[in-house]
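Okay, structure first, notes after.
The values are calculated or read from the model by the stated rules, or taken from the named source; none is laboratory data. Quick caveat: nothing in here was measured; it's all calculated off a predicted structure. All Cβ positions, glycine included, derive from the backbone under ideal geometry; neighbour counts span all protein chains shown. These accessible areas exclude ligands, DNA and RNA; they are computed on the full protein's heavy atoms, side chains included. Shrake-Rupley method; radii C 1.70, N 1.55, O 1.52, S 1.80 Å.
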Amino acid sequence: MADQGCDQPNIRNILLNVLLISLVLILPGLQWLLFGWLYIFLPLYGLYLLGKFGVFAGRRMLLTAATLSLCASLFLGSFDLFFFSAVMLIPGIVLHRSLHHRESPAISGLKGCLALAGGWLVAIVIGSAGSEMNVYSQILLALDQALTESLELYRQSDGVSRETLTVVESTISQMKIVIPAVMPGVIGSVMLVIIWATMAIGNIVLEKTCGQI
């Protein structure tokens with residue numbers, strides 16, 4: 001696909017796409033439980049914009065949206081999660097470059113995974129700056145606390161038998177041991193799914209909108 005894309009954006013396209021990307025970058029930081037799932041679409045959105053409107057216009061839309069989102073995140077007090085959302089745009093840029101150079105799916109996927117992993121690592125380092133505990137450890141601690149609170153709810157419930165409570169206590173204790181051990185694998189699996197879905201859906205979308213990829 002040519003660097004200029006298959007379509008030229010008008011002012012309406014530019015404003016609409018900048019607004020949508022900005023919202024996807026901002027909303028998870030405000031209500032993670034409600035909007036956190038939007039993150040997985042950022043690589044796809046980046047790939048789509050670069051493929052449809054070209055590198056010049058696409059990158060400027062992404063840069064403008066990222067700048068606006070950064071300002072909004074500082075104003076709204078959700079700066080900590082901004083970098084985790086912003087780095088999700090990087091795999092889309094990397095995958096578009098691989099698509100432009102007609103690289104194999106294996107090489108494209110590998111580059112996308114490395115870009116996402118590297119972005120997450122940088123985000124963790126930045127998010128952990130000035131904190132006694134890094135972000136990854138904070139996630140594990142939050143999961144541990146959630147399990148502990150769940151166990152306390154079972155203990156306070158009058159409808160739970162002693163036998164059931166014993167099973168629950170044993171299960172939660174095992175989960176507290178297993179979760180830290182499997183978390184790197186879970187994160188790696190999520191990363192692979194995101195990149196695979198971005199490549200698969202992105203190819204289909206660009207083929208439908210541009211006629212060829």
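Computed values, structure above
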quantity	calculated
Surface share of carbon and sulfur [accessible, 1.4 angstrom probe, percent] for region 66-195	68 percent
Positive-pole candidate from 32, 53, 94, dipole of the chain, charges at beta carbon	53
Accessible surface ranking that places the most exposed of 26, 40 first, with a 1.4 angstrom probe	40, 26
Stretchable slack from residue 7 to residue 210, in nm (0.36 nm times residue separation minus alpha-carbon distance)	72.3 nm
Span-like helix ranges in the chain, DSSP H, alpha carbon extent 27 angstrom or more, Kyte mean at least -0.5	11-30, 42-76, 105-128, 135-156, 162-210
Candidate lysines for bridging to residue 52, where Cα separation is under 17 Å - those fewer than 8 sequence places away on the same chain excluded	208
Average Cα contact separation per residue, the chain, under 8 Å, 6 or more apart, as relative contact order %	24 percent
Local electrostatic count, residue 162, Cβ distance below 13 Å [Lys/Arg +1, Asp/Glu -1]	-2
Probe 1.4 Å, accessible area per residue of the chain, Å²	58 Å²
Label assignment, mean projected area of the Cα convex hull in nm² derived from the structure, set (i) 13.8; (ii) 14.8; (iii) 22.5	(ii)
Residue-level accessible surface for residue 22, protein heavy atoms, 1.4 Å, Å²	10 Å²
Of the trypsin sites (Lys or Arg not before Pro) in region 112-213, those whose Cβ has at most 15 other Cβ within 10 Å and which sit in DSSP loop	none
Neighbour cut-off at most 12 other Cβ (10 Å), DSSP loop, trypsin sites (Lys or Arg not before Pro), region 63-123	102
Cα shape, region 148-212, gyration tensor, a/c 1.5 rule	prolate
